[in-house]
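These notes concern the structure reproduced below.
The values are calculated or read from the model by the stated rules, or taken from the named source; none is laboratory data. The structure displayed is predicted, hence computed values, not measured ones. Quick reminder, even Gly has a Cβ in these numbers, built from the backbone with ideal geometry, and neighbours come from all protein chains shown.
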Amino acid sequence: MKNYAIILASGKGERTGLDVPKQFFSINDRTILEYTLDIFESHNEIDYILIVVNSLFADRINFILEKNNYNKVKDVIFGGATRQISSYNGVNAITEINAKVLIHDAVRPFVSPKTISDCIKALDNYKAVNVAIDSSDTIIEVDSHNILKSVPQRRYLRRCQTPQGFDLCTIKKAHELAKNDGIDNITDDCGLILKYNLADIFVVQGSVYNIKITYPLDIEIAKLILKKESI
Ligand code: CTP
Ligand code: MG
(Lines give C-alpha, C1' and ligand atoms only; values in the text may rest on other atoms or scores of the structure.)
(Ligands and ions follow the chains in the order given, each with its own letter.)
Protein backbone atom coordinates (compact mmCIF):
# COMPACT_ATOMS: atom_id res chain seq x y z
CA MET A 1 0.00 0.00 0.00
CA LYS A 2 1.29 3.47 -0.90
CA ASN A 3 1.72 6.31 1.58
CA TYR A 4 0.53 9.73 0.43
CA ALA A 5 1.20 13.11 2.03
CA ILE A 6 -1.28 15.88 1.32
CA ILE A 7 0.26 19.25 2.10
CA LEU A 8 -2.39 21.90 2.72
CA ALA A 9 -1.06 25.25 1.49
CA SER A 10 -4.15 27.05 0.30
CA GLY A 11 -4.74 29.38 3.25
CA LYS A 12 -4.39 33.15 3.32
CA GLY A 13 -2.46 33.45 6.56
CA GLU A 14 -4.52 36.39 7.78
CA ARG A 15 -3.45 36.10 11.42
CA THR A 16 0.25 36.45 10.64
CA GLY A 17 -0.44 39.73 8.84
CA LEU A 18 2.40 39.31 6.31
CA ASP A 19 2.11 40.57 2.74
CA VAL A 20 2.22 36.97 1.46
CA PRO A 21 0.45 33.86 2.80
CA LYS A 22 2.78 32.53 5.50
CA GLN A 23 3.63 29.33 3.58
CA PHE A 24 5.38 31.52 0.98
CA PHE A 25 7.30 33.57 3.52
CA SER A 26 11.06 32.95 3.29
CA ILE A 27 13.50 32.44 6.12
CA ASN A 28 17.15 32.11 5.02
CA ASP A 29 16.04 32.18 1.37
CA ARG A 30 13.75 29.18 1.73
CA THR A 31 9.97 29.37 2.00
CA ILE A 32 8.15 27.73 4.89
CA LEU A 33 6.44 25.50 2.33
CA GLU A 34 9.84 24.29 1.06
CA TYR A 35 11.02 23.40 4.57
CA THR A 36 7.86 21.31 4.95
CA LEU A 37 8.15 19.68 1.51
CA ASP A 38 11.83 18.84 2.15
CA ILE A 39 10.87 16.71 5.16
CA PHE A 40 8.26 14.66 3.29
CA GLU A 41 10.41 14.40 0.13
CA SER A 42 13.31 12.94 2.09
CA HIS A 43 11.22 10.60 4.24
CA ASN A 44 11.76 7.05 3.00
CA GLU A 45 8.24 5.87 3.84
CA ILE A 46 6.45 8.60 1.87
CA ASP A 47 5.70 7.59 -1.74
CA TYR A 48 3.77 10.55 -3.11
CA ILE A 49 3.14 14.17 -2.17
CA LEU A 50 0.10 16.21 -3.25
CA ILE A 51 0.14 19.96 -2.66
CA VAL A 52 -3.09 21.90 -2.26
CA VAL A 53 -2.74 25.59 -3.16
CA ASN A 54 -4.84 28.61 -4.01
CA SER A 55 -5.01 29.01 -7.81
CA LEU A 56 -3.85 32.62 -7.40
CA PHE A 57 -0.46 31.24 -6.33
CA ALA A 58 -0.05 28.67 -9.12
CA ASP A 59 2.96 30.54 -10.53
CA ARG A 60 4.68 30.64 -7.20
CA ILE A 61 4.19 26.91 -6.72
CA ASN A 62 5.48 26.15 -10.21
CA PHE A 63 8.58 28.20 -9.45
CA ILE A 64 9.16 26.28 -6.20
CA LEU A 65 8.71 22.92 -7.94
CA GLU A 66 11.04 23.81 -10.81
CA LYS A 67 13.67 25.07 -8.42
CA ASN A 68 13.66 21.99 -6.19
CA ASN A 69 12.98 19.13 -8.55
CA TYR A 70 11.05 17.17 -5.96
CA ASN A 71 10.66 13.54 -7.10
CA LYS A 72 7.62 12.68 -5.04
CA VAL A 73 5.33 15.60 -5.86
CA LYS A 74 2.65 13.90 -7.93
CA ASP A 75 0.09 16.65 -8.27
CA VAL A 76 -0.81 20.23 -7.41
CA ILE A 77 -4.48 20.67 -6.58
CA PHE A 78 -6.46 23.84 -6.07
CA GLY A 79 -7.87 24.45 -2.62
CA GLY A 80 -11.16 25.92 -1.46
CA ALA A 81 -12.55 28.60 0.78
CA THR A 82 -11.97 26.59 3.98
CA ARG A 83 -9.36 24.14 5.19
CA GLN A 84 -11.99 21.41 5.07
CA ILE A 85 -12.69 22.04 1.37
CA SER A 86 -8.96 22.14 0.60
CA SER A 87 -8.55 18.83 2.38
CA TYR A 88 -11.57 17.39 0.53
CA ASN A 89 -10.00 18.37 -2.79
CA GLY A 90 -6.70 16.79 -1.79
CA VAL A 91 -8.20 13.51 -0.61
CA ASN A 92 -10.35 13.18 -3.73
CA ALA A 93 -7.36 13.70 -6.00
CA ILE A 94 -6.06 10.28 -4.91
CA THR A 95 -7.33 7.70 -7.37
CA GLU A 96 -5.94 4.53 -5.80
CA ILE A 97 -8.40 2.19 -4.07
CA ASN A 98 -6.36 1.74 -0.91
CA ALA A 99 -3.72 4.00 0.54
CA LYS A 100 -2.51 5.53 3.76
CA VAL A 101 -2.93 9.29 3.70
CA LEU A 102 -1.21 11.85 5.91
CA ILE A 103 -2.76 15.31 5.82
CA HIS A 104 -0.34 17.99 6.96
CA ASP A 105 -0.41 21.76 7.38
CA ALA A 106 2.17 23.37 5.08
CA VAL A 107 2.83 25.82 7.89
CA ARG A 108 4.22 23.19 10.28
CA PRO A 109 7.76 23.07 8.88
CA PHE A 110 9.35 21.32 11.88
CA VAL A 111 7.43 18.06 11.92
CA SER A 112 9.87 15.31 12.81
CA PRO A 113 10.48 12.31 10.54
CA LYS A 114 9.73 10.14 13.59
CA THR A 115 6.24 11.63 13.94
CA ILE A 116 5.60 10.80 10.27
CA SER A 117 6.85 7.23 10.79
CA ASP A 118 4.78 6.83 13.97
CA CYS A 119 1.62 7.89 12.11
CA ILE A 120 2.27 5.49 9.23
CA LYS A 121 2.94 2.65 11.69
CA ALA A 122 -0.21 3.39 13.73
CA LEU A 123 -2.24 3.17 10.52
CA ASP A 124 -1.45 -0.58 10.45
CA ASN A 125 -3.84 -0.90 13.39
CA TYR A 126 -6.11 2.15 13.20
CA LYS A 127 -8.02 3.86 10.39
CA ALA A 128 -7.42 7.31 11.81
CA VAL A 129 -4.48 8.82 13.67
CA ASN A 130 -3.98 12.21 15.27
CA VAL A 131 -0.80 13.81 16.60
CA ALA A 132 -0.94 15.76 19.84
CA ILE A 133 1.12 17.01 22.77
CA ASP A 134 0.32 17.59 26.43
CA SER A 135 -0.82 21.05 27.40
CA SER A 136 1.37 22.87 29.89
CA ASP A 137 -1.36 25.45 30.39
CA THR A 138 -4.67 24.58 31.96
CA ILE A 139 -7.30 24.73 29.23
CA ILE A 140 -10.62 26.30 30.16
CA GLU A 141 -13.95 26.41 28.41
CA VAL A 142 -15.82 29.72 28.21
CA ASP A 143 -19.18 30.74 26.78
CA SER A 144 -19.83 33.44 24.19
CA HIS A 145 -19.73 36.11 26.94
CA ASN A 146 -16.29 35.00 28.17
CA ILE A 147 -17.76 33.45 31.29
CA LEU A 148 -15.88 30.37 32.42
CA LYS A 149 -17.95 27.24 31.92
CA SER A 150 -15.61 24.41 32.85
CA VAL A 151 -12.06 23.43 33.70
CA PRO A 152 -11.53 20.02 32.12
CA GLN A 153 -8.93 17.81 33.79
CA ARG A 154 -5.60 18.65 32.19
CA ARG A 155 -4.37 15.08 32.07
CA TYR A 156 -7.06 14.24 29.50
CA LEU A 157 -6.38 17.26 27.33
CA ARG A 158 -3.96 17.44 24.42
CA ARG A 159 -3.00 20.06 21.86
CA CYS A 160 -3.53 18.82 18.33
CA GLN A 161 -0.94 19.04 15.60
CA THR A 162 -0.61 17.51 12.16
CA PRO A 163 -0.05 15.28 10.29
CA GLN A 164 -3.27 13.42 10.79
CA GLY A 165 -3.26 10.01 9.17
CA PHE A 166 -6.07 8.01 7.60
CA ASP A 167 -7.09 4.99 5.68
CA LEU A 168 -8.06 6.57 2.35
CA CYS A 169 -11.60 5.14 2.15
CA THR A 170 -12.41 6.25 5.70
CA ILE A 171 -11.35 9.87 5.22
CA LYS A 172 -13.06 10.04 1.82
CA LYS A 173 -16.27 8.80 3.44
CA ALA A 174 -16.00 11.37 6.26
CA HIS A 175 -15.57 14.22 3.80
CA GLU A 176 -18.47 13.01 1.65
CA LEU A 177 -20.81 12.79 4.66
CA ALA A 178 -19.84 16.32 5.75
CA LYS A 179 -20.36 17.67 2.27
CA ASN A 180 -23.82 16.10 2.07
CA ASP A 181 -24.64 17.67 5.45
CA GLY A 182 -23.56 21.09 4.19
CA ILE A 183 -20.69 21.27 6.69
CA ASP A 184 -17.53 22.95 5.37
CA ASN A 185 -15.73 24.57 8.26
CA ILE A 186 -14.34 21.78 10.45
CA THR A 187 -10.72 22.76 11.04
CA ASP A 188 -9.25 19.32 11.34
CA ASP A 189 -9.83 16.05 9.56
CA CYS A 190 -9.97 13.88 12.69
CA GLY A 191 -12.90 16.07 13.77
CA LEU A 192 -14.84 14.70 10.81
CA ILE A 193 -14.05 11.07 11.68
CA LEU A 194 -15.20 11.75 15.23
CA LYS A 195 -18.35 13.56 14.13
CA TYR A 196 -19.49 10.60 12.06
CA ASN A 197 -18.05 8.00 14.44
CA LEU A 198 -16.25 6.23 11.61
CA ALA A 199 -13.26 4.85 13.51
CA ASP A 200 -11.25 4.94 16.71
CA ILE A 201 -8.67 7.71 16.38
CA PHE A 202 -5.31 6.77 17.86
CA VAL A 203 -3.29 9.69 19.21
CA VAL A 204 0.45 9.67 18.49
CA GLN A 205 2.81 11.75 20.64
CA GLY A 206 3.84 14.94 18.81
CA SER A 207 6.60 17.42 19.55
CA VAL A 208 6.77 20.97 20.89
CA TYR A 209 8.88 21.91 17.87
CA ASN A 210 6.04 21.02 15.51
CA ILE A 211 4.53 24.50 15.79
CA LYS A 212 1.91 25.86 13.44
CA ILE A 213 3.02 29.24 12.20
CA THR A 214 -0.06 31.29 12.98
CA TYR A 215 0.83 34.65 14.58
CA PRO A 216 3.79 37.03 13.99
CA LEU A 217 5.57 35.64 17.07
CA ASP A 218 5.60 32.19 15.44
CA ILE A 219 7.77 33.56 12.62
CA GLU A 220 10.32 34.68 15.23
CA ILE A 221 10.15 31.27 16.92
CA ALA A 222 10.65 29.58 13.54
CA LYS A 223 13.79 31.67 12.93
CA LEU A 224 15.14 30.61 16.32
CA ILE A 225 14.43 26.93 15.67
CA LEU A 226 16.21 27.14 12.29
CA LYS A 227 19.16 28.89 13.91
CA LYS A 228 19.39 26.13 16.51
CA GLU A 229 19.17 23.45 13.81
CA SER A 230 22.03 25.01 11.86
CA ILE A 231 24.41 24.99 14.86
N1 CTP B 1 -5.51 25.91 4.55
C2 CTP B 1 -5.88 25.50 3.27
N3 CTP B 1 -7.03 26.03 2.69
C4 CTP B 1 -7.78 26.92 3.35
C5 CTP B 1 -7.42 27.33 4.66
C6 CTP B 1 -6.28 26.78 5.23
O7 CTP B 1 -5.19 24.70 2.65
N8 CTP B 1 -8.85 27.42 2.76
C9 CTP B 1 -4.26 25.41 5.11
C10 CTP B 1 -3.27 26.53 5.41
O11 CTP B 1 -2.53 26.88 4.23
C12 CTP B 1 -2.43 25.96 6.52
C13 CTP B 1 -3.37 24.96 7.22
O14 CTP B 1 -4.50 24.81 6.37
O15 CTP B 1 -1.31 25.24 6.03
C16 CTP B 1 -3.77 25.44 8.61
O17 CTP B 1 -4.59 26.59 8.53
P18 CTP B 1 -4.29 28.00 9.23
O19 CTP B 1 -3.14 27.93 10.16
O20 CTP B 1 -5.59 28.51 9.73
O21 CTP B 1 -3.77 28.87 7.98
P22 CTP B 1 -4.50 30.07 7.25
O23 CTP B 1 -5.95 29.76 7.08
O24 CTP B 1 -3.69 30.36 6.04
O25 CTP B 1 -4.28 31.26 8.30
P26 CTP B 1 -5.40 32.26 8.90
O27 CTP B 1 -6.48 31.38 9.50
O28 CTP B 1 -4.67 33.08 9.91
O29 CTP B 1 -5.90 33.08 7.73
MG1 MG C 1 -7.23 29.48 8.80
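Number of residues in segment 66-85 that are more than 15 Å from ligand 1 (Cβ to nearest atom) and either under 18 Å from LEU56 (Cα atoms) or among the charged types (D, E, K, R) (or both): the value is 4.
Please specify each residue of segment 1-19 satisfying the condition of being away from ligand 1 (no atom under 11 Å from the Cβ) and either under 22 Å from ASP188 (Cα atoms) or aliphatic (A, V, I, L, M) (or both). Scanning segment 1-19 gives MET1, ASN3, TYR4, ALA5. Candidates ALA93, ALA132: the one that is surrounded by fewer than 19 Cβ atoms within 10 Å (Cβ to Cβ), at pLDDT 95 or above and touching a Lys or Arg at 6+ places or on another chain (Cβ under 6 Å) is ALA132.
Among the residues that make up segment 55-77, is at least one of them closer than 23 Å to TYR215 by Cβ and either under 17 Å from the mean Cα position of the chain (by Cα) or of a type in the set (Ser, Thr, Tyr) (or both)? Scanning segment 55-77, I find no residue that is closer than 23 Å to TYR215 by Cβ and either under 17 Å from the mean Cα position of the chain (by Cα) or of a type in the set (Ser, Thr, Tyr) (or both), so the answer is no.
Condition check: among the hydrophobic types (A, V, I, L, M, F, W, C), within 16 Å of ligand 2 (Cβ to nearest atom), closer than 27 Å to VAL203 by Cβ and under 14 Å from the mean Cα position of the chain (by Cα). Does VAL107 satisfy that? When the stated conditions are applied, VAL107 passes them.
Where helices (runs of 4 or more DSSP H) sit wholly within segment 127-231, those with at least 3 residues that are away from ligand 1 (no atom under 16 Å from the Cβ) and of a type in the set (D, E, K, R) occupy 168-180, 216-229. The condition of being more than 16 Å from ALA128 (Cα to Cα) and within 20 Å of the chain's Cα centre (by Cα) holds for only one of ALA174, ALA199, ALA178, that being ALA178. Here the condition is being modelled with pLDDT of 95 or more and away from ligand 2 (no atom under 16 Å from the Cβ); of ILE64, ILE85, it holds for ILE64 alone.
Filter segment 32-63 down to the residues that are within 16 Å of ligand 1 (Cβ to nearest atom), part of a strand (DSSP E or B) and surrounded by fewer than 23 Cβ atoms within 10 Å (Cβ to Cβ) and list them by number. Scanning segment 32-63 gives a single hit, LEU50.
For the condition away from ligand 2 (no atom under 16 Å from the Cβ) and within 14 Å of PHE166 (Cα to Cα), LEU226 does not qualify.
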